[in-house]
1. Taking the options 108, 154, name whichever one is surrounded by 14 or more Cβ atoms within 10 Å (Cβ to Cβ) and assigned to a loop (DSSP other than H, G, I, E, B).
2. Between a first residue in region 106-128 that is modelled with pLDDT under 90 and a second residue that is of a type in the set (D, E, K, R) and surrounded by 11 or more Cβ atoms within 10 Å (Cβ to Cβ), which pairs have beta carbons less than 6 Å apart while being 6 or more apart in sequence or on different chains?
3. Would you tally the residues in region 1-28 being within 30 Å of residue 165 (Cβ to Cβ), in contact (Cβ under 8 Å) with a residue 24 or more places away in the chain and of a type in the set (A, V, I, L, M, F, W, C)?
4. Against the condition touching a Ser or Thr at 6+ places or on another chain (Cβ under 6 Å), at pLDDT 95 or above and part of a strand (DSSP E or B), how does residue 47 come out, does it pass?
5. I need the full set of residues from region 1-57 which are basic (Lys, Arg) and farther than 22 Å from residue 70 by Cα, in order please.
6. Under the condition of being outside any helix (DSSP H, G or I) and touching a Leu at 6+ places or on another chain (Cβ under 6 Å), which residue from region 64-99 is surrounded by the most Cβ atoms within 10 Å (Cβ to Cβ)?
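The values are calculated or read from the model by the stated rules, or taken from the named source; none is laboratory data. What you see is a predicted model; the values in this text were computed from it and never measured. Ideal geometry is used to build each Cβ from the backbone, glycine not excepted, and the neighbour counts take in all protein chains shown.
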Amino acid sequence: MADKKYESLKIENIVASGVIAESIDLVEFSNKVENCELNKKRFPGAVYRIADPKVACLIFSSGKIVLTGARSETAVADGLAAIVKSLKTAGIEPLKEPKVAVTNMVCSYNLGRTINLTKLTVTLDVENIEYEPEQFPGLVYRVKDPKIVILLFSSGKIILTGGKNMVDVKKGVDVIEKKLENIA
């Protein structure tokens, strides 16, 4: 029954970051690895695009990386494995245990009904909301625990961001559904 509640919950993007090597020679890496762009005039890191899973990785000479575009936690792990393999292929020694963790998940969810956003602004905790329909069609609601930002649209569609795992995201869904229970 609980799974049915979250069936419209969909991961749109996962961002993970951390350290994968002590240092990386970006020129050497970008020359030896396909789908890796390096343009130091435009950006201080290399942009490495992986086809399967479809993710993009920003790689910095410090050994730090930012992985984005994954749509599952498995894709994050697979993308990380592909990056480690590419580093080894390029002759760069990765850390034995890369310290990379999910820093943000962006998910979409459909409440299955429309929402009166104007009425909602009166009902929700005023200090946690932003609603300026002239500037943005959605209401921004900040949840403190878990620390999630929820964008609510009158169509009933919502975007949840800031979670580091699906448990946090589902808690965010529960919080907003509870707040919306008594609002028509």
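1. It is 154.
2. 128/142
3. 9
4. no
5. Just the residues of region 1-57 that are basic (Lys, Arg), to begin with: 4-5, 10, 32, 40-42, 49, 54.
Selection gives 4, 5, 32, 40, 41, 42.
6. Among those residues, the one meeting the criterion is 94.
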